[in-house]
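Peer 1: Got a structure for you, written out below as structure tokens; questions coming shortly.
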């Protein structure tokens, strides 16, 4: 990006309804030069603007090995997301980024991998799951656990079915409240832990979801013996500029938009609860 504060225009090329209030948008940059130069890492985020309404940060939810187009999954909860939900294929939005440190990748080769996702927390994890699956032989045991409030609240339902059928990974899914057609586990995502024979040694766990889910997942993982430095999560904090200038996302001496949003639990434990 020649100017970190100036958005580039991107066109919506696909819209997928995920749930009653959540959609996945696929974009490509309108300028071929920008499209060719665009690269991002797993766990990074974009600042997306609905022109005339405002701008907000959103985690990338697509495979960084295929950056020609890119996806974000948005729940309609505010002015910007509501405006984006009204967009149609072919409409333009503003894009700044990518920003943030993202998830580690190469340093975890040769380790066992566990993903623990809750609800709308699965999209940023997907940006790491997909490239790890591309390099599946570089990792040992590979476990994905996903929980949602109800079956209707699950995102990426087609991809969940594919993961469930893949012989090279282990997959577990749960809902807080089932329906007449649900035959799987009922309970929060941590209820899957005793059923999945979690491997503690030489394992890294990636956790993302609602703050309450992250808190209890980390608590249970710690009880099982996982070291804080091997539990990796994301911090939810209101990010405005994305480049560490405005101070909206400061926690102590850290800026979530620049130093994060990805931290391991050892790092999180050193941050003040309030700032």
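Peer 1: Would you check if residue 27 is assigned to a loop (DSSP other than H, G, I, E, B) and surrounded by 18 or more Cβ atoms within 10 Å (Cβ to Cβ)?
Peer 2: no
Peer 1: Test residue 152 against the stated conditions and say whether it is in the same structural domain as residue 212 (by TED's automatic domain parsing), surrounded by fewer than 18 Cβ atoms within 10 Å (Cβ to Cβ) and in a loop (DSSP other than H, G, I, E, B).
Peer 2: So residue 152 does not fit the description; no.
Peer 1: If you go through the range 111-120 one residue at a time, do you hit one that is under 23 Å from residue 64 (Cβ atoms), at pLDDT below 95 and buried (at least 21 other Cβ atoms within 10 Å of the Cβ)?
Peer 2: Within the range 111-120 (the criterion being under 23 Å from residue 64 (Cβ atoms), at pLDDT below 95 and buried (at least 21 other Cβ atoms within 10 Å of the Cβ)), the answer is yes, since at least one residue qualifies.
Peer 1: I would also like to ask the following. What number of residues in the range 200-220 are at pLDDT below 95 and part of a loop (DSSP other than H, G, I, E, B)?
Peer 2: The qualifying residues number 2.
Peer 1: Would you mind stating whether residue 177 is in the same structural domain as residue 110 (by TED's automatic domain parsing) and under 19 Å from the mean Cα position of the chain (by Cα)?
Peer 2: Details: in the same structural domain as residue 110 (by TED's automatic domain parsing): yes; under 19 Å from the mean Cα position of the chain (by Cα): no.
The answer is no for residue 177.
Peer 1: Residue 226 versus (1) part of a loop (DSSP other than H, G, I, E, B); (2) surrounded by fewer than 19 Cβ atoms within 10 Å (Cβ to Cβ); (3) touching a helix residue (DSSP H, G or I) at 6+ places or on another chain (Cβ under 9 Å): which is the lone unmet condition?
Peer 2: Among (1) part of a loop (DSSP other than H, G, I, E, B); (2) surrounded by fewer than 19 Cβ atoms within 10 Å (Cβ to Cβ); (3) touching a helix residue (DSSP H, G or I) at 6+ places or on another chain (Cβ under 9 Å), residue 226 violates only (2).
Peer 1: Of all residues in the range 105-149, which are outside any helix (DSSP H, G or I) and out of contact with any helix residue (DSSP H, G or I) (no Cβ under 9 Å at 6 or more places or on another chain)?
Peer 2: Residues satisfying the conditions are 112, 135, 140, 141, 143.
Peer 1: Pick from the range 222-256 the residues that are touching a strand residue (DSSP E or B) at 6+ places or on another chain (Cβ under 6 Å) and touching a residue at least 40 places away in the same chain (Cβ under 8 Å): which of them is nearest to residue 3 (Cα to Cα)?
Peer 2: 242
Peer 1: Check the range 53-74 and report whether any residue there is on the phi > 0 side of the Ramachandran plot and assigned by TED's automatic domain parsing to the domain that holds residue 28.
Peer 2: Yes, because at least one residue in the range 53-74 is on the phi > 0 side of the Ramachandran plot and assigned by TED's automatic domain parsing to the domain that holds residue 28.
Peer 1: Taking the criterion of being under 23 Å from residue 111 (Cβ atoms), in a loop (DSSP other than H, G, I, E, B) and under 17 Å from the mean Cα position of the chain (by Cα), would at least one residue in the range 238-247 satisfy it?
Peer 2: First pass over the range 238-247, keeping only residues under 23 Å from residue 111 (Cβ atoms): none.
Within the range 238-247, none of the residues are under 23 Å from residue 111 (Cβ atoms), in a loop (DSSP other than H, G, I, E, B) and under 17 Å from the mean Cα position of the chain (by Cα).
Peer 1: Considering 181, 197, 101, which residue is out of contact with any helix residue (DSSP H, G or I) (no Cβ under 8 Å at 6 or more places or on another chain) and in a loop (DSSP other than H, G, I, E, B)? Quick ask: steps written out before the conclusion?
Peer 2: On the way: 181 fails: out of contact with any helix residue (DSSP H, G or I) (no Cβ under 8 Å at 6 or more places or on another chain); 101 fails: out of contact with any helix residue (DSSP H, G or I) (no Cβ under 8 Å at 6 or more places or on another chain).
Every option except 197 fails the conditions.
Peer 1: Mind telling me which of the residues 41, 94 ends up being part of a strand (DSSP E or B) and modelled with pLDDT of 95 or more?
Peer 2: None of the others qualify; the one that does is 94.
The values are calculated or read from the model by the stated rules, or taken from the named source; none is laboratory data. Predicted model only: the values in this text are computed from it and were never measured. Cβ: placed from backbone, ideal geometry, glycine included. Neighbour counts: every protein chain shown.
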